[in-house]
1. If I go through region 184-235 residue by residue, how many of them are on the phi > 0 side of the Ramachandran plot and touching a strand residue (DSSP E or B) at 6+ places or on another chain (Cβ under 7 Å)?
2. May I ask you to list the residues in region 151-171 that are out of contact with any Asp or Glu (no Cβ under 6 Å at 6 or more places or on another chain), of a type in the set (A, V, I, L, M) and assigned to a strand (DSSP E or B)?
3. For region 106-139, enumerate the residues that are hydroxyl-bearing (Ser, Thr, Tyr) and outside any loop (DSSP other than H, G, I, E, B).
4. Scan (1) closer than 21 Å to Asp81 by Cα; (2) modelled with pLDDT of 95 or more; (3) in the same structural domain as Gln254 (by TED's automatic domain parsing) for the single condition Thr202 breaks and write down its number.
5. Out of curiosity, is Val220 buried (at least 19 other Cβ atoms within 10 Å of the Cβ), closer than 19 Å to Pro290 by Cα and not assigned by TED's automatic domain parsing to the domain that holds Ala77?
6. Does Thr59 qualify as being in the same structural domain as Arg142 (by TED's automatic domain parsing), surrounded by fewer than 22 Cβ atoms within 10 Å (Cβ to Cβ) and hydroxyl-bearing (Ser, Thr, Tyr)?
7. Check whether at least one residue in region 115-125 is in contact (Cβ under 8 Å) with a residue 60 or more places away in the chain, crowded, with 20+ Cβ neighbours inside 10 Å and farther than 20 Å from Arg211 by Cβ, and report yes or no.
Amino acid sequence: MRIVVTGGAGFLGSHLCDALIGRDDSVVCVDNLSTGRISNIEHLLHHPRFEFVSADVSTELPVTGHVDTVAHLASPASPPDYHRMPLETLAVGSRGTEHGLMLARRAGARFVLASTSEVYGDPLVHPQPEDYWGNVNPVGPRSIYDEAKRFAEALTSAYRSALGVNTGILRIFNTYGPRMRPHDGRVVTSFIAQALNGDPLTVYGDGSQTRSFCYVDDLVRGIVAMIDSTEQGPVNLGNPSERTVADLAELVFQLTGAERTVEYHPLPADDPTRRRPVITRAQKVLGWSPVITDRDGLTRTVQYFRERPEEVLAAREALIGGQLDGTAVLEHRAAEGVTAA
């Protein structure tokens, strides 16, 4: 197949490009590199079935010719990024999604939206099934990303019901692995970077809040399965194995050999206290379940960061000692009179 991957130079997008090329598909990777990196796809640039298009999908999606699937992954996803680019995040969730849908409609292609567990907000239902409507603050500090994705889901559903476009919606839960940036403001990368730098791990709250961590290879298998299906969704993709932030910190200490030092700070506003997917639908309609354990996945991720000591060291200042998510670092910077990077 010929598959367009928006956001294809990003963390998830680049791994998806690898998987598709690996099974003999042709890939058109579209990215404006606002958060993606050429280094993520450098090994693909001269591949005969890979094409890189530098473009902002919020403005245009300049892809011609036959297309079988549009996989829309373009969006800032880490809190520091979407707070740094609030209007751009809302634009890629709205205009960017519509440009992808318009291309799919013109080409008679399938459209797969990479949505997020953030559409559930700080959930009042646990664990979260797809028929839960969520608990989202539409004007809170996380609303930029949350509402962009909620609108993207509504638009995707409308193109399906009103115009007959073959669409599928995925709700992606916490995913981690190689090619993440050590300063991206997410808990896995923050903890690993802090541990490798010999800094205390910064825990917001008492560490009892939970997340479910899915290794990137597992997650990409799910995206590929959705591309190959006709499933409408939404479908949760994530690891149903729930772990507290304190447990994650202990595992990072074990894998890095770092001194067990933790600093505690108040929880940022609207930060979810529990997050775990119900994946029954993914198991049934996609035949998908994660298989990589947290220990194995984190071991691979730690090794990836060990091989990039300069990048990890440079993350120290950006992290301000580390944070559970980007809201906390922004609040810290504001309190100190520091402009976000």
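The values are calculated or read from the model by the stated rules, or taken from the named source; none is laboratory data. Fair warning: this is a prediction, and the values are worked out from it, not measured in the lab. With ideal geometry, Cβ positions are generated from the backbone for all residues, glycine too; neighbour counts draw on all protein chains shown.
1. Total meeting the criteria: 2.
2. Listed by number, the list holds a single entry, Leu170.
3. Restricting attention to region 106-139, the residues satisfying the condition of being hydroxyl-bearing (Ser, Thr, Tyr) are 115-117, 120, 132.
Answer for region 106-139, where residues must be hydroxyl-bearing (Ser, Thr, Tyr) and outside any loop (DSSP other than H, G, I, E, B): Ser115, Thr116, Ser117, Tyr120.
4. (2)
5. Judged against the criteria, Val220 is not a match.
6. Details: in the same structural domain as Arg142 (by TED's automatic domain parsing): yes; surrounded by fewer than 22 Cβ atoms within 10 Å (Cβ to Cβ): yes; hydroxyl-bearing (Ser, Thr, Tyr): yes.
Taking the combined requirement at face value, the residue satisfies it.
7. no
Per-residue answers, yes or no, for (1) of a type in the set (Gly, Ala, Ser); (2) crowded, with 19+ Cβ neighbours inside 10 Å; (3) closer than 14 Å to Phe191 by Cβ:
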residue: Asp247; (1), (2), (3): no, no, yes
residue: Glu250; (1), (2), (3): no, no, yes
residue: Ala258; (1), (2), (3): yes, yes, yes
residue: Pro268; (1), (2), (3): no, yes, no
residue: Leu286; (1), (2), (3): no, yes, no
residue: Pro290; (1), (2), (3): no, yes, no
